[in-house]
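Remarks on the structure that follows.
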Amino acid sequence: MSEDVGRAPQLIEIVARLRVALGFACGVLVYWLATPTPATILAGFVVATAGELFRFWAAGHLNKSREVTRSGPYRFVAHPLYLGSSAIGAGLAIASGNIAVAAIVAVYLAITLTAAIRSEEAFLRRVFAHEYAEYRHTGIVDADRRFSLARATANGEHRAVAGLAVALLLMAWKASYNGAF
């Protein structure tokens with residue numbers, strides 16, 4: 001039994017590290033199952049774009065692995081990047097026009113983002129013990145730091161923007177191919 005408990009953090013770390021690769025694998029299945037229409041693509045675009053804008057705002061405040069970020073959306077939500085990712089996933093599920101896709105996206109997000117959050121929180125507790133505990137329990141924030149495009153770029157958020165654009169273009173292409181346009 002204790003051996004299983006010891007393996008749980010390792011499994012969480014593995015899933016957290018592989019979440020992007022798993023996302024691409026799920027993406028292939030999602031694309032294959034998708035039945036997008038112009039209406040579902042438009043609705044999904046709105047939701048996914050809102051999620052990406054939220055992620056971009058967060059990435060413009062984040063100094064990953066160097067501090068406990070307390071500004072921007074981190075003033076309100078402990079994990080704004082993952083909240084934005086969830087909205088992007090919901091938007092892509094809507095764009096797909098398929099309930100099975102929505103289920104796949106929901107399961108993927110539940111498993112991978114839970115693992116990522118647990119892994120990230122363990123890191124923050126280990127490296128920034130006092131600061132992280134203070135942030136989580138007292139809500140002390142940094143209202144002075146401003147958004148930085150350079151920080152968002154350094155955090156690779158431009159890749160997420162490009163990925164979202166490609167995913168939505170693929171949905172539009174599939175809808176066109178299937179005669180929905």
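In terms of its C-alpha gyration tensor, the chain has an oblate overall shape, because the principal axis ratio a/c (a ≥ b ≥ c, square roots of the eigenvalues) is not below 1.5 and a/b does not outweigh b/c. Computed over neighbours whose Cβ is under 14 Å from that of residue 78, the net charge equals +1, Lys and Arg +1, Asp and Glu -1. In percent, rounded to a whole number, the relative contact order of the range 51-180 is 40, using alpha-carbon pairs under 8 Å and six or more apart. What does the C-alpha gyration tensor say about the overall shape of the range 114-159? Classify as rounded when a/c is under 1.5, otherwise prolate if a/b is larger than b/c, or oblate. Because a/c hits 1.5 or more and a/b fails to exceed b/c, the range 114-159 counts as oblate. When the P(r) is computed for the range 41-88, the part past 14 Å accounts for 47% of the Cα-Cα pairs.
Shape class for the range 31-121, computed from the alpha carbon gyration tensor (a ≥ b ≥ c): oblate, with a/c not under 1.5 and a/b at or below b/c. Taking the average, over residues, of other Cβ atoms within 10 Å as the packing measure, peptides 133-139, 40-46 rank 40-46, 133-139 from highest down.
In terms of its Cα atoms, the range 67-116 spans 39, 21, 12 Å along the principal axes, sorted from long to short. Electrostatic tally near residue 61: other residues with Cβ closer than 15 Å to its Cβ, Lys and Arg +1, Asp and Glu -1, net +4. Counting only DSSP H runs of at least 4 residues, each contributing -39500 (n - 2.57), and dividing by the residue count of the chain, the helix-based mean residue ellipticity at 222 nm comes to -26000 deg cm²/dmol. In the chain, the longest principal axis of the Cα atoms and the axis of helix 157-177 are about 20 degrees apart. Using the Cβ-Cβ distance between residue 126 and residue 43 with R0 set to 35 Å, the FRET efficiency works out to roughly 0.25.
Judged by the mean number of other Cβ atoms found within 10 Å, the most tightly packed of the peptides 118-131, 52-65 leads the ranking 52-65, 118-131.
For the chain, the longest principal axis of the C-alpha atoms and the axis of helix 80-96 are separated by about 10°.
Values quoted throughout were computed directly from the atomic coordinates according to the rules given, and no laboratory measurement underlies them. Since the model is a prediction, treat every value here as computed from it, not as a measurement. Cβ sites come from the backbone with ideal geometry, for glycine too, and all protein chains shown count toward neighbours.
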